[in-house]
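Q: I am attaching a structure below and will ask some questions about it afterwards.
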């Protein structure tokens, strides 16, 4: 069996406007295809930055509206962050994994082990207010809904991945990681397949959607580029489909939580 | 400032033969370009699987030649692995990070926190012998040497990344990670750059070579594909160049070792 294509084409969807709560992301994606002088093709993987999905879903919180609990105040003193921000982080988390000055790593309610529960204070429109942007309530569901809308409007089956920049244990620098996915296998299980010599493969579970998320980051940029959407063409995902939640290691398998 | 291209082209170099100790990898890469009906272009990033670099460098060890120490025997009983294999792992490691039945995670002498010190027993030619394949002695140096040879023969400046599949804390499935790099910034430092609204970026260090390594994995496959080399075209890396060692988090910054 062969897995994966021999060539891929990766392009940003340029010129997306600043996304606001209630915006129609599918429409913005299809306009982006047009600006890239492309037409949606069956099997395209559309990758969206978490940021624009969260903004479209209205996941913005005004810090002025947040009253930090005593626990949040105490933790804020340890990590040297705004107690209102820490309150938001705790509200999105199952537990604190590491807390040090400048560092707050939590287990997000969706299982992601990440800094600040993925709450973002950069690239959020300010207009005087101090806003924070939470992850989507259910990014796999967001990906699935967007996928359905894109399929209906474009007339082709696409996959959707929502990515975010994650820090890693042991490695410097962030990497694009999948927080939502629909229409593809997020985790590819190759257990039992032979290697070139018929010996069972040692590496048998592949974080496929994470590799897609990382690849897309190469054309999406991080800062003032305003390129929060990209397409990976040529993967042609096949069933069975999964979701980004498949990539979360269950606690009982995890040696580093 | 904008960072990164708007589009990338990613293709495997097909039909590489099984690599043997002493093989000329640069020649194999250039033949692979030919079979892909491509010509090397300035700015190409050539990504090679660690496996073929190690094989070309003769990093194969016959387990029959390994005498496990008492410490290796003891650890082998804990992790339920061949004591000779564990002896090799310990010889390549600074320390054991986690040991459980079936799991041996170490800090490799190059700083990588990884399973089995990256020593591979799959896709290694057997011919009756039980062989293990170690990481290259100095994968950044391997990448730099290959880059120089490719530049001399192809007449264009390329970058080289050597990738391997790593497991991750907290996430299921492996992901392509850079163990060697030359001719590009492995770690991109964007500290001090503004976001869209002039606020300093929150995410400021990007594991650029890891994202490249992951992207390339999408066309390289893992098992019986025999596609251990790929090219990412369009990144056009600029100076200053770094090395994969830049991506290793120093112990004093690390909260999970």
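Q: Could you check, for region B:162-170, whether at least one of its residues is over 26 Å from residue B:256 (Cα atoms), surrounded by 22 or more Cβ atoms within 10 Å (Cβ to Cβ), more than 11 Å from chain A (Cβ to nearest Cβ) and touching a residue at least 12 places away in the same chain (Cβ under 8 Å)?
A: Restricting attention to region B:162-170, the residues satisfying the condition of being over 26 Å from residue B:256 (Cα atoms) are none.
Within region B:162-170 (the criterion being over 26 Å from residue B:256 (Cα atoms), surrounded by 22 or more Cβ atoms within 10 Å (Cβ to Cβ), more than 11 Å from chain A (Cβ to nearest Cβ) and touching a residue at least 12 places away in the same chain (Cβ under 8 Å)), the answer is no, since none of the residues qualifies.
Q: Could you tell me whether any residue of region A:68-81 is over 30 Å from residue B:38 (Cα atoms), in the same structural domain as residue A:176 (by TED's automatic domain parsing) and at pLDDT 95 or above?
A: No; the residues of region A:68-81 include none that is over 30 Å from residue B:38 (Cα atoms), in the same structural domain as residue A:176 (by TED's automatic domain parsing) and at pLDDT 95 or above.
Q: While we're looking at this one, here's another question. Kindly indicate the residue of region A:215-257 that is without any contact (Cβ under 8 Å) to a residue 40 or more places away in the chain and in a helix (DSSP H, G or I) and also surrounded by the fewest Cβ atoms within 10 Å (Cβ to Cβ) among those meeting that condition.
A: So the residue we want is A:252.
Q: Would you say residue A:186 is part of a loop (DSSP other than H, G, I, E, B), within 16 Å of the chain's Cα centre (by Cα) and either buried (at least 22 other Cβ atoms within 10 Å of the Cβ) or at pLDDT below 95 (or both)? Steps first, answer last, please.
A: Details: part of a loop (DSSP other than H, G, I, E, B): yes; within 16 Å of the chain's Cα centre (by Cα): yes; either buried (at least 22 other Cβ atoms within 10 Å of the Cβ) or at pLDDT below 95 (or both): yes.
Against the criterion (part of a loop (DSSP other than H, G, I, E, B), within 16 Å of the chain's Cα centre (by Cα) and either buried (at least 22 other Cβ atoms within 10 Å of the Cβ) or at pLDDT below 95 (or both)), residue A:186 qualifies.
Q: Suppose we filter A:111, A:118 for residues that are surrounded by fewer than 20 Cβ atoms within 10 Å (Cβ to Cβ), modelled with pLDDT of 95 or more and either closer than 15 Å to residue A:166 by Cα or touching a helix residue (DSSP H, G or I) at 6+ places or on another chain (Cβ under 6 Å) (or both); which single one remains?
A: When all the criteria are applied, what remains is A:111.
Q: Would you confirm whether any residue within region A:156-164 is in a strand (DSSP E or B), under 27 Å from residue A:78 (Cβ atoms) and not assigned by TED's automatic domain parsing to the domain that holds residue A:81? Walk me through how you get there before you give the answer.
A: At the first step, the residues of region A:156-164 found to be in a strand (DSSP E or B) are A:159-164.
Still in the running and under 27 Å from residue A:78 (Cβ atoms): A:164.
If we keep only those that are not assigned by TED's automatic domain parsing to the domain that holds residue A:81 too, we end up with A:164.
The answer is yes; a qualifying residue exists.
Q: Select, from B:25, B:63, B:13, the only residue that is touching a residue at least 12 places away in the same chain (Cβ under 8 Å), more than 11 Å from every other protein chain (Cβ to nearest Cβ) and within 18 Å of residue B:150 (Cβ to Cβ).
A: B:25
Q: Might you let me know whether region B:113-121 holds any residue that is more than 15 Å from residue B:82 (Cα to Cα), under 13 Å from the mean Cα position of the chain (by Cα) and outside any strand (DSSP E or B)?
A: Yes - at least one qualifying residue is present in region B:113-121.
Q: Separate question: Taking residue A:31 and the conditions (1) farther than 19 Å from residue A:151 by Cα; (2) away from every other protein chain (no Cβ under 14 Å), which numbered condition does it fall short on, given that it satisfies the others?
A: (1)
Q: Ok, one more. Go through region B:237-257 and count every residue that is in contact with a strand residue (DSSP E or B) (Cβ under 9 Å, 6 or more places away or on another chain) and either at positive phi or facing chain A (nearest Cβ under 9 Å) (or both).
A: 8
Q: Moving to a separate point now. When the residues of region A:92-104 are filtered to those that are free of Cβ contacts under 8 Å to residues at least 24 places away in the same chain and touching a helix residue (DSSP H, G or I) at 6+ places or on another chain (Cβ under 8 Å), which remaining residue is surrounded by the fewest Cβ atoms within 10 Å (Cβ to Cβ)?
A: My answer is A:102.
The values are calculated or read from the model by the stated rules, or taken from the named source; none is laboratory data. Remember, it's a predicted structure, so these values are computed and weren't measured experimentally. Cβ sites come from the backbone with ideal geometry, for glycine too, and all protein chains shown count toward neighbours.
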